[in-house]
Amino acid sequence: MLFEDKNRVSVVRVSPVDAVPGVTTTITLSATVVDIDNVPVSGATVTWHNTLDEVGVNETSDTDASGVAILDVKLTDLTAGLSVFPFIAYLDSDPSTGATGTIRLASTDNPIPQINDGGDFKIDQYDIASGVTITIQAYPDATRGDLVNFYWDDIHSLGKTIADPATDFPWVINAKTSLPPECLVNGQYSLYYQFRDSNGNFGVSMPRKETVNGSQPAPTLLAPDFPEADGNGGWINSMLALNGTPASVTWKNMQKGDLVNLTWVVYDQNGVQLLLDDQLAGTVTDEQVTAGSMDITVPSTDIP
């Protein structure tokens, strides 16, 4: 997306992402304003507009030193009987500078998503190893044509149009294949779903508060490439490895002098580790910056 040379609202966040009437009294919307270089802008006036009713229309708030403007919305000020309220925050009476956020009100009529976590609302390393699945049961009056969206907090969402409630529910979601790795980083998350029927009516499930405490950090770098295994099904000919085997690594904004550490771990076909982890290091040169990658050689002594 291209932006003109002007400030804009980059994101609107909603807290909590899933308000529960009778428990939640106030929902906080926060809008971050940045300039053309994505630098936060302080002192900018943000206009808030609730597109469904009069709450928030032409209300304004100014950004603080971190570029964030706040609007607090009381649940008692929202139209009774509705469950989804989209807001837009923008600058200078120009909606093209804006971003949107949605207030969602949960209902006890709609069952919470289920997870195979042993019933303790905690996903540990064993749950992750065995495969995490989310199950959404049919909500009352689910009908053909309903659009259902599942939300893993504000990290990721999935949509599904119901063709036949009898066969489309339960909706089972495999976290490994359907969600990004960020969803299983250690932390607490709110999991819920929203549905819209053919008449445009919305409903929101009760939220499930899930804690992940057994994950590995989400990867931020590309995996190493082993050129001698390319085109060979991932296998390296033992004769080619007599003098070691190169691992090619690359990352964004590689610069001369960057220090690289590569961990080499060896397992047999039964998953038994044969050697202690070997830490291999390298320093980026001008030539490697030009090439866009660097090679670190795994010594033959570390290749059983």
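The values are calculated or read from the model by the stated rules, or taken from the named source; none is laboratory data. Just so it is clear, the model here is predicted, and its values are computed rather than measured. Glycine also receives a Cβ, built like all others from the backbone with ideal geometry; neighbour counts cover every protein chain displayed. Remember, those area values only see protein heavy atoms, side chains included, never the ligands or the DNA or RNA. Shrake-Rupley method; radii C 1.70, N 1.55, O 1.52, S 1.80 Å.
Of the residues in region 84-107, at least one is open to solvent by 40 Å² or more (accessible area, probe 1.4 Å), closer than 23 Å to CYS183 by Cβ, outside any loop (DSSP other than H, G, I, E, B) and touching a residue at least 40 places away in the same chain (Cβ under 8 Å).
What about THR76, is it outside any loop (DSSP other than H, G, I, E, B), modelled with pLDDT under 95 and loosely packed, with under 14 Cβ neighbours inside 10 Å? Answer is yes for this residue.
If you go through region 280-291 one residue at a time, do you hit one that is in a loop (DSSP other than H, G, I, E, B), within 32 Å of the chain's Cα centre (by Cα) and either modelled with pLDDT under 90 or of a type in the set (Phe, Trp, Tyr) (or both)? Scanning region 280-291, I find no residue that is in a loop (DSSP other than H, G, I, E, B), within 32 Å of the chain's Cα centre (by Cα) and either modelled with pLDDT under 90 or of a type in the set (Phe, Trp, Tyr) (or both), so the answer is no. Screening region 169-193 for residues that are in contact with a Pro (Cβ under 7 Å, 6 or more places away or on another chain) and either small (Gly, Ala, Ser) or without any contact (Cβ under 8 Å) to a residue 40 or more places away in the chain (or both) and picking the one that is most open to solvent (accessible area, probe 1.4 Å) gives PRO181. Scanning region 111-140 for residues that are part of a loop (DSSP other than H, G, I, E, B), charged (D, E, K, R) and in contact (Cβ under 8 Å) with a residue 12 or more places away in the chain yields ASP117, ASP124.
Scanning region 292-304 for residues that are open to solvent by 50 Å² or more (accessible area, probe 1.4 Å) and either over 14 Å from GLU228 (Cβ atoms) or under 32 Å from the mean Cα position of the chain (by Cα) (or both), we see that the one that is modelled with the lowest pLDDT is PRO304.
Only one of the listed residues (ASP120, ASP153) is touching a Ser or Thr at 6+ places or on another chain (Cβ under 6 Å) and open to solvent by 20 Å² or more (accessible area, probe 1.4 Å). That residue is ASP153. For region 173-254, the strands (runs of 3 or more DSSP E) that sit wholly inside it and include 2 or more residues that are in contact with a Gly (Cβ under 8 Å, 6 or more places away or on another chain) are 187-196, 208-212.
For region 22-49, a residue qualifies if it is touching a Ser or Thr at 6+ places or on another chain (Cβ under 9 Å), assigned to a strand (DSSP E or B) and closer than 16 Å to GLY98 by Cα, and the qualifying residues are LEU29, SER30, ALA31, THR32, VAL33, VAL34, PRO40, THR45, VAL46, THR47, TRP48. On the basis of being small (Gly, Ala, Ser) and surrounded by 16 or more Cβ atoms within 10 Å (Cβ to Cβ), does ALA166 make the cut? Against the criterion (small (Gly, Ala, Ser) and surrounded by 16 or more Cβ atoms within 10 Å (Cβ to Cβ)), ALA166 does not qualify.
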